[in-house]
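What follows is a set of notes on a single structure, which appears directly below.
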Amino acid sequence: MRGVPILMYHQVSSHSLPGFEKYTVAPRAFAAQMRWLTRTGYRSVSLDALLAARAGGPPLPHRAVVITFDDGFAECVEHGVPVLRALGLTATYYLVAGLMGGVSSWLRPDRGIELPLIGWGTARELCAAGFTCGAHTVSHPRLVALAPEARREEVRASREILEGGLGHAVHHMAYPYGSYDAAVREAAADAGFRSAASVRIGLSGATDDPLALHRVPVTGHDSLPDFVCRLRTGHAAGELLRRNARGALRGLRRVLSGGAA
Ligand SMILES: [Zn+2]
């Protein structure tokens, strides 16, 4: 069986801030992507359903897709949720537990911007509407760079804070910047997370590590054909062409140098 695309979005906004264009999908493009999914028979499933199917539970629909949003930007909820609800799609929002209702302060040093984040009221509304809220640590650090105790605390406390604020269990997390190694993965397991999403690009196959799930990034530069290509391969059309061209060139060089068997 082909793997399931776990789509990774960040911001959905018509204001693409300099330095953040890659992470900002325009509302019209997002709506077109979601309409394409439903028109072509894709059904969104939760991470719980994905894990359950892999553990021998109810099978997934033929064309299953998981939709995720990192960071909890207010605008991605404002523009994304009405589209998702209208089309009967579900999604997971990974929230930075220590910055609820605040701003994305981690973006200031690197990119010079700060974006508003959703607060507890909106997060609870999301959950009540059938969306999933997952953890994205307490302060959005690069977990690999932290000392062991700080690393464990960022992971453990994010779950505790979110569970307190939401009033129910939180089972899923995403590593900020996709920063993880064996120790980070262990911290996620010790904190009791059932899944943790990485930024390793690719479809999530049956043997994908639940604590380092592959995902499919969707960027602000993607055309609809790019989106379709990503959905099926993990990569945009141009990226695939470049990768294939590199592979073809390597093969050609081998042939020309007499190295081919
Ligand atoms: Zn993030």
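Scanning region 102-136 for residues that are among the hydroxyl-bearing types (Ser, Thr, Tyr), within 19 Å of Phe20 (Cα to Cα) and in contact with a strand residue (DSSP E or B) (Cβ under 7 Å, 6 or more places away or on another chain) turns up just one, Ser104.
If you go through region 1-39 and keep only what is of a type in the set (D, E, K, R) and either within 15 Å of the chain's Cα centre (by Cα) or within 30 Å of Pro59 (Cβ to Cβ) (or both), you end up with Arg2, Lys22, Arg35, Arg39.
Might you check whether a residue that is in contact with a Lys or Arg (Cβ under 8 Å, 6 or more places away or on another chain) and within 16 Å of the ligand (Cβ to nearest atom) occurs anywhere in region 72-95? No: zero hits.
Residue pairs whose Cβ atoms lie under 6 Å apart, sitting 6 or more positions apart in sequence or on different chains, and linking a residue in region 1-19 that is closer than 25 Å to Thr207 by Cβ to a partner that is of a type outside the set (A, V, I, L, M) and more than 16 Å from the ligand (Cβ to nearest atom), are Gly3/Ser204; Gly3/Gly205; Val4/Ser204; Ile6/Ser204. When Ala150, Ala196, Ala191 are checked against the criterion of being without any contact (Cβ under 8 Å) to a residue 40 or more places away in the chain, surrounded by fewer than 23 Cβ atoms within 10 Å (Cβ to Cβ) and touching a helix residue (DSSP H, G or I) at 6+ places or on another chain (Cβ under 8 Å), a single residue qualifies: Ala191. Annotation: of all residues in region 172-186 being part of a loop (DSSP other than H, G, I, E, B) and buried (at least 16 other Cβ atoms within 10 Å of the Cβ), the one that is farthest from the ligand (Cβ to nearest atom) is Tyr180.
Where a number appears in this text, it was derived from the coordinates with a stated rule and is not lab data. What you are looking at is a predicted structure, and each value in this text was computed from that prediction instead of being measured. FYI the Cβ positions are ideal-geometry reconstructions off the backbone, even for glycines, and counts take in every protein chain you see.
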